[in-house]
Amino acid sequence: KKIDTPLRTRPENFKPLDTYFERAGYINIIDLLSEVEKNTFYLSEIEHLGGKHAKGRPSHETFFAGLVGTGCNIKMDKMAGISKGINPSTLQLVIQLYLSSDSLKAANDCLINFKNQLVLPGQHLNSDQELHTVSDGQNFFIQVESLNSSYSYKVPGYDKMVTVNTAMDERFSIFNSQVISASQKEAAYLIDIHLKNSPVKSTIHSTDTGGYTEAVFGVLNMLDIFYAPRLKNLLSQQLYSFSKRREYKSLGYKLLPEYSINEKLIEENWEDILRLMVTLKSGKTTAHNI
């Protein structure tokens with residue numbers, strides 16, 4: 001069978017936009033990376049695994065080739081072959097000894113900090129006092145063996161998948177990305193998003209139902225983050241409150257709690273709750289491990 005995609009005609013009001021992009025023209029990716037580096041110095045955050053005292057730091061162009069190849073999943077040999085003036089052995093050195101997850105995160109944090117100082121991204125903020133962040137997972141099929149890949153309960157089939165859980169704020173700054181097993185809910189990893197994040201200080205965080213558990217409500221509250229998930233089938237969820245159901249009913253509330261929170265249980269376990277929070281904030285272990 002052959003499927004043809006019909007041509008799509010644009011309405012007249014698209015012409016001014018087309019004209020604008022024609023003036024902008026084609027921007028080379030290397031020129032873009034170079035221009036950003038001149039203003040932010042993000043490459044200085046990418047360190048050798050041996051520390052800052054490692055000798056013979058490669059050229060900026062080699063770092064750009066390594067970033068593009070790694071980000072686009074282009075093999076090192078092919079990337080060296082299509083790049084002018086790039087030594088294959090030096091490129092391999094950059095990919096293996098410089099582009100660690102910690103260095104890439106530090107470079108990304110540098111870009112976010114610079115972006116947050118600009119006027120235009122701030123126009124997307126709803127409030128000067130609050131910062132709303134969101135996270136969601138996206139599934140990808142894996143064609144090779146991977147420790148993180150598994151079968152997903154969301155997508156039945158015979159192929160293994162991974163879930164890439166990404167977090168961003170109102171200014172469209174992507175400040176965290178995790179590759180996790182597709183058989184797990186994102187909720188187990190949601191708290192780590194905020195514990196391992198330095199440039200973006202969230203005050204409100206939203207997810208879909210996959211990012212929600214009761215424990216997430218409690219821990220984010222202790223981190224001074226208001227958790228506002230978009231829950232599926234809200235009327236079927238178990239709603240809890242500190243006050244009795246009749247008090248909310250007398251006030252004319254449409255959504256009424258089914259259960260009351262056991263304050264005595266919280267008081268009896270308060271020392272363990274504090275120990276949990278200190279363990280998480282000090283980085284002794286991750287939230288998803290607990």
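The values are calculated or read from the model by the stated rules, or taken from the named source; none is laboratory data. Note that the structure is a prediction, hence the values are computed from the model and not measured. As a convention, Cβ positions derive from the backbone with ideal geometry for all residues, glycine included, and neighbour counts pool all protein chains shown. Side chains included, ligands, DNA and RNA excluded: accessible areas come from the protein's heavy atoms. Shrake-Rupley method; radii C 1.70, N 1.55, O 1.52, S 1.80 Å.
Residues in the range 32-85 that are open to solvent by 40 Å² or more (accessible area, probe 1.4 Å) and β-branched (Val, Ile, Thr): Val36, Thr70, Ile74, Ile82. Going by the structure shown, is Thr285 touching an Asp or Glu at 6+ places or on another chain (Cβ under 9 Å), more than 17 Å from Gly137 (Cβ to Cβ) and open to solvent by less than 70 Å² (accessible area, probe 1.4 Å)? Criteria not met by Thr285. Summed over the range 270-282, residues that are closer than 30 Å to Ile180 by Cβ, free of Cβ contacts under 8 Å to residues at least 40 places away in the same chain and loosely packed, with under 12 Cβ neighbours inside 10 Å total 5. For the range 165-182, the tally of residues that are closer than 10 Å to Asn139 by Cα and open to solvent by 50 Å² or more (accessible area, probe 1.4 Å) stands at 1. Within the range 275-282, identify whether any single residue is assigned to a loop (DSSP other than H, G, I, E, B), more than 18 Å from the chain's Cα centre (by Cα) and closer than 30 Å to Cys110 by Cβ, and answer yes or no. Yes. Here the condition is being at positive phi and within 26 Å of the chain's Cα centre (by Cα); of Phe140, Phe41, Phe63, it holds for Phe41 alone. Determine whether Asp224 is open to solvent by less than 80 Å² (accessible area, probe 1.4 Å) and within 20 Å of the chain's Cα centre (by Cα). Considered against the rule, which asks whether it is open to solvent by less than 80 Å² (accessible area, probe 1.4 Å) and within 20 Å of the chain's Cα centre (by Cα), Asp224 comes out as no. All conditions in (1) modelled with pLDDT of 90 or more; (2) touching a strand residue (DSSP E or B) at 6+ places or on another chain (Cβ under 9 Å) hold for Asn148, with the sole exception of (1). Screening Ala215 with (1) among the hydrophobic types (A, V, I, L, M, F, W, C); (2) crowded, with 16+ Cβ neighbours inside 10 Å; (3) under 29 Å from Tyr151 (Cβ atoms) gives one miss only, at (2). Residue check: Asp208 meets all listed conditions (1) at pLDDT 90 or above; (2) under 12 Å from the mean Cα position of the chain (by Cα) but one, namely (2). Residue check: is Lys84 free of Cβ contacts under 8 Å to residues at least 24 places away in the same chain and either out of contact with any Cys (no Cβ under 6 Å at 6 or more places or on another chain) or at positive phi (or both)? So Lys84 fits the description; yes. For the range 169-210, give me each residue that is out of contact with any helix residue (DSSP H, G or I) (no Cβ under 8 Å at 6 or more places or on another chain), under 13 Å from Ile225 (Cβ atoms) and part of a strand (DSSP E or B). Of everything in the range 169-210, those that are out of contact with any helix residue (DSSP H, G or I) (no Cβ under 8 Å at 6 or more places or on another chain), under 13 Å from Ile225 (Cβ atoms) and part of a strand (DSSP E or B) turn out to be Asp169, Ile204, Ser206. Does Val162 meet the test of being aliphatic (A, V, I, L, M) and open to solvent by less than 20 Å² (accessible area, probe 1.4 Å)? Here the answer is yes, as Val162 does meet what is asked. Looking only at residues in the range 212-241 that are in a loop (DSSP other than H, G, I, E, B), under 25 Å from Trp270 (Cβ atoms) and in contact with a strand residue (DSSP E or B) (Cβ under 7 Å, 6 or more places away or on another chain), the one that is modelled with the highest pLDDT is Ile225. Say we look at the range 101-146 and pick out the residues that are assigned to a strand (DSSP E or B) and hydrophobic (A, V, I, L, M, F, W, C); which of these is least open to solvent (accessible area, probe 1.4 Å)? Of everything passing the filter in the range 101-146, Val134 is least open to solvent (accessible area, probe 1.4 Å).
All of (1) out of contact with any strand residue (DSSP E or B) (no Cβ under 8 Å at 6 or more places or on another chain); (2) open to solvent by less than 30 Å² (accessible area, probe 1.4 Å) hold for Tyr253 with one exception: (2).
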